[in-house]
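Following: one structure in C-alpha cells, then a few remarks.
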Amino acid sequence: MTDHALFASIERDIRLLCEKLEIDGHVNVSEAVDGSVIIKATASDPHALIGERGQTLAELEYLIKRIVRKKTGGMTQVSFDINEYKESKEASLREMAREAANDVALFKQPKELPPMTPAERRIVHMELAQREDVVSESAGEGEGRRVVIRPRGI
C-alpha cells in the first residue's frame, strides 16, 4: 500500500470512528519527518472528546494507535490531537516548567509541580534538561507522581 493510500485508509477509518462516536468535525492524516503518523482533528464540540485533563483524548489516541498499527503492521508512532489541545497543553507545561525553574534558581529552594501523567512529566524534563542552574526529577507514585525541580548542586 502506498503512503497516500495508507493515509487515505487511516483517515477513512478515523472518520468512521468519529461517525460512530457522533463527532462532528474534520480529520487530517499526515506523516512527520521521522515517519510517525500525525492525526489532527477538529470538532465543533471538543470538550467531551478531550475530557478532564485530556483523559478522553488519551483513550481515543490509544484506540487510534491500535487502528494505525494494525494497518501499518508495526510499532508506528502515532500522535492524535483534537482542536490543537495537546499543542496548547504542551506549550503551557513548558511555560510552567520555565517559570518554576526560574523561581528555583532565584530562591534556591526546590519546587514541586502538580501531579502529571508520564507524557506531561517528560515534556517538563525535556524543557529543563539543558538548564545548568536547575535539575528536575520525578517523585511520588501512581497518579500522584510529579516533577520536583531543584537547584543544581544543592
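Selection of the range 1-25 for residues being under 16 Å from I82 (Cβ atoms) and at pLDDT 85 or above yields an empty set. At least 3 residues being surrounded by 15 or more Cβ atoms within 10 Å (Cβ to Cβ) and touching a strand residue (DSSP E or B) at 6+ places or on another chain (Cβ under 8 Å) is the threshold, and among the helices (runs of 4 or more DSSP H) wholly inside the range 27-116 those reaching it are 55-72, 85-107. Scanning the range 131-154 for residues that are of a type in the set (V, I, T) and either loosely packed, with under 10 Cβ neighbours inside 10 Å or closer than 12 Å to P114 by Cα (or both) yields V147, V148, I149. If you check D13, D24 for being touching a helix residue (DSSP H, G or I) at 6+ places or on another chain (Cβ under 6 Å) and assigned by TED's automatic domain parsing to the domain that holds T56, only one passes: D13. A search for C-beta distances below 6 Å between a residue of the range 52-76 that is not assigned by TED's automatic domain parsing to the domain that holds E120 and any residue that is part of a loop (DSSP other than H, G, I, E, B), counting only pairs 6+ apart in sequence or on different chains, returns V68/T76; R69/T76.
Would you point out the residue of the range 8-26, among those that are touching a Ser or Thr at 6+ places or on another chain (Cβ under 7 Å) and either of a type in the set (S, T, Y) or not in a loop (DSSP other than H, G, I, E, B) (or both), that is farthest from M75 (Cα to Cα)? Per the stated criteria, the residue is G25.
The values are calculated or read from the model by the stated rules, or taken from the named source; none is laboratory data. From a predicted model like this one, the values you see are computed outputs, not experimental measurements. Cβ coordinates were reconstructed from backbone atoms using ideal geometry, including for glycine residues, and neighbour counts include every protein chain displayed.
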